Amino acid sequence: MLPHAMHYRWSYRDAQESFLHDQFAAGAGEAMADKIMSRMNAYLPQLGVDAHTVPEIEASYLQLLDTLNAHFAEHPYLFGGRPSLGDYGLIGPLFAHLGRDPVPANLMKTRAPKVFRWVERMTAPGLDTPEFPGYGNAYLADDAIPATLEPLLRQIADEIFPMLTDKIAFMDALIQEHAPEDGQPVSAKPHQRYMGVVETAFRGVPVQAGVQPYLLYVLRKADSLLAEASPHDQARVREALAERGLAAALPGERGYTVDRRDHIEVWERT
């Protein structure tokens with residue numbers, strides 16, 4: 001949801017300038033606020049946010065809000081009565097950007113009030129679930145996936161491809177060409193997070209997007225966790241992913257991945 005969060009923050013900058021300036025000044029000081037804001041504003045093209053993709057990004061966000069609003073009308077969290085890793089993954093963009101910045105936050109409140117209520121619940125000090133009396137605080141039995149989440153999983157599958165596979169193919173070619181050593185930084189300077197640009201698509205719309213090796217650092221965690229599971233559970237997970245069009249979301253063994261050492265992203269040979 002990084003393109004969604006950054007689009008609603010910076011494409012609507014004029015409508016929420018005073019709020020954004022106040023927040024950035026609080027963290028970085030008045031002298032640095034505008035400089036940092038302008039630099040972050042400039043990231044949009046690297047994220048695939050342009051005039052062609054903006055309508056699809058906004059349609060994607062509205063679809064997400066509608067799905068989650070229906071889900072949180074029945075369940076306090078994604079998988080039951082307490083937060084899961086999935087909830088903590090979603091709360092990043094849905095609170096820090098989309099649930100706080102005036103333009104997207106107002107959209108959330110008016111179109112999907114149950115989602116905004118979930119944002120409040122996730123930032124409360126305890127299980128803030130008074131509208132679910134008797135629900136309990138356990139996950140759903142047998143790792144069940146609520147029917148109300150199936151549209152979300154389908155949307156994820158529809159939207160992360162082919163961008164994800166195109167970016168991984170770009171890195172495969174980069175590794176084959178340059179054969180970096182284990183522990184070699186992914187870029188000449190630590191602040192350089194992008195390795196190049198790939199021609200890809202979002203919701204069927206052609207777009208150029210920057211390639212960040214960090215995505216492998218994130219995705220390899222799923223591979224690592226899955227490898228620790230029993231053969232039965234591994235098969236169950238892979239079957240569930242395949243049924244929902246998400247099998248390719250796991251990068252698998254490629255001979256390399258990305259690690260963080262001394263706070264720097266480095267290539268890791270496997």
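The values are calculated or read from the model by the stated rules, or taken from the named source; none is laboratory data. Keep in mind the model is a prediction, meaning the values are calculated, not measured. Because the Cβ atoms are built from the backbone with ideal geometry, glycine has one as well, and the counts that use them run over all protein chains shown. To get the accessible areas, we keep the full protein, side chains included, count just its heavy atoms, and leave off ligands, DNA and RNA. Shrake-Rupley method; radii C 1.70, N 1.55, O 1.52, S 1.80 Å.
Selection over segment 219-246 of residues that are part of a helix (DSSP H, G or I), aliphatic (A, V, I, L, M) and either more than 30 Å from GLN192 (Cα to Cα) or open to solvent by 70 Å² or more (accessible area, probe 1.4 Å) (or both) gives a count of 8.
Of all residues in segment 13-33, those being closer than 27 Å to TYR194 by Cβ and either among the aromatic types (Phe, Trp, Tyr) or touching a helix residue (DSSP H, G or I) at 6+ places or on another chain (Cβ under 7 Å) (or both) number 7.
What single numbered condition from (1) free of Cβ contacts under 8 Å to residues at least 40 places away in the same chain; (2) closer than 30 Å to HIS71 by Cα; (3) surrounded by 14 or more Cβ atoms within 10 Å (Cβ to Cβ) fails to hold for ILE156? Evaluating ILE156 over (1) free of Cβ contacts under 8 Å to residues at least 40 places away in the same chain; (2) closer than 30 Å to HIS71 by Cα; (3) surrounded by 14 or more Cβ atoms within 10 Å (Cβ to Cβ) leaves (1) as the failure.
Would segment 229-252 turn up any residue that is free of Cβ contacts under 8 Å to residues at least 60 places away in the same chain, among the charged types (D, E, K, R) and within 22 Å of MET1 (Cβ to Cβ)?
From segment 229-252, those free of Cβ contacts under 8 Å to residues at least 60 places away in the same chain are 229-239, 241-243, 247, 250, 252; that's our starting set.
Now drop any that are not among the charged types (D, E, K, R), which leaves 233, 236, 238-239, 243.
The next check asks that each one be within 22 Å of MET1 (Cβ to Cβ); those that pass are none.
So far as segment 229-252 goes, no, none of its residues is free of Cβ contacts under 8 Å to residues at least 60 places away in the same chain, among the charged types (D, E, K, R) and within 22 Å of MET1 (Cβ to Cβ).
For segment 114-130, indicate whether the set of residues that are aromatic (Phe, Trp, Tyr) and either free of Cβ contacts under 8 Å to residues at least 40 places away in the same chain or open to solvent by 80 Å² or more (accessible area, probe 1.4 Å) (or both) is non-empty. Checked segment 114-130: at least one residue is aromatic (Phe, Trp, Tyr) and either free of Cβ contacts under 8 Å to residues at least 40 places away in the same chain or open to solvent by 80 Å² or more (accessible area, probe 1.4 Å) (or both). For segment 133-141, indicate whether the set of residues that are touching a Pro at 6+ places or on another chain (Cβ under 7 Å) and of a type in the set (Phe, Trp, Tyr) is non-empty. So far as segment 133-141 goes, yes, one or more of its residues are touching a Pro at 6+ places or on another chain (Cβ under 7 Å) and of a type in the set (Phe, Trp, Tyr). Among the residues making up segment 13-58, a single one is surrounded by fewer than 16 Cβ atoms within 10 Å (Cβ to Cβ), in contact with a Pro (Cβ under 8 Å, 6 or more places away or on another chain) and not in a helix (DSSP H, G or I): HIS52. One residue stands out among those in segment 192-218 that are open to solvent by 70 Å² or more (accessible area, probe 1.4 Å) and farther than 19 Å from PHE161 by Cβ: the one that is nearest to the chain's Cα centre (by Cα), which is ARG193. Where in segment 77-191 are there helices (runs of 4 or more DSSP H), lying fully within it, with 1 or more residues that are within 20 Å of the chain's Cα centre (by Cα), hydrophobic (A, V, I, L, M, F, W, C) and closer than 29 Å to ILE264 by Cβ? Answer list for segment 77-191: 85-96, 150-160, 163-178. None of ILE160, ILE175 is out of contact with any helix residue (DSSP H, G or I) (no Cβ under 9 Å at 6 or more places or on another chain) and β-branched (Val, Ile, Thr) except ILE175. Looking across segment 65-89 at every residue that is aliphatic (A, V, I, L, M) and touching a residue at least 24 places away in the same chain (Cβ under 8 Å), the one that is nearest to TRP10 (Cα to Cα) is identified as LEU65. The residues of segment 59-68 that are open to solvent by 20 Å² or more (accessible area, probe 1.4 Å) and of a type in the set (Gly, Ala, Ser) amount to a single one, ALA59. Pairs meeting the criteria (first residue in segment 182-202 and on the phi > 0 side of the Ramachandran plot, second residue surrounded by 11 or more Cβ atoms within 10 Å (Cβ to Cβ) and not acidic (Asp, Glu), beta carbons under 6 Å, at least 6 apart or on different chains) are GLY183/VAL266; GLY196/VAL211.
Any residue at all in segment 190-202 that's farther than 16 Å from GLN46 by Cα and at pLDDT below 95? So far as segment 190-202 goes, yes, one or more of its residues are farther than 16 Å from GLN46 by Cα and at pLDDT below 95.
Within segment 173-191, count every residue that is aliphatic (A, V, I, L, M) and open to solvent by 90 Å² or more (accessible area, probe 1.4 Å).
The initial filter retains those residues of segment 173-191 that are aliphatic (A, V, I, L, M), namely 173-175, 179, 186, 188.
With the extra rule that they be open to solvent by 90 Å² or more (accessible area, probe 1.4 Å), the set shrinks to 188.
So the count comes out to 1.
Checked against (1) crowded, with 20+ Cβ neighbours inside 10 Å; (2) at negative phi, PHE79 meets all criteria but (1).
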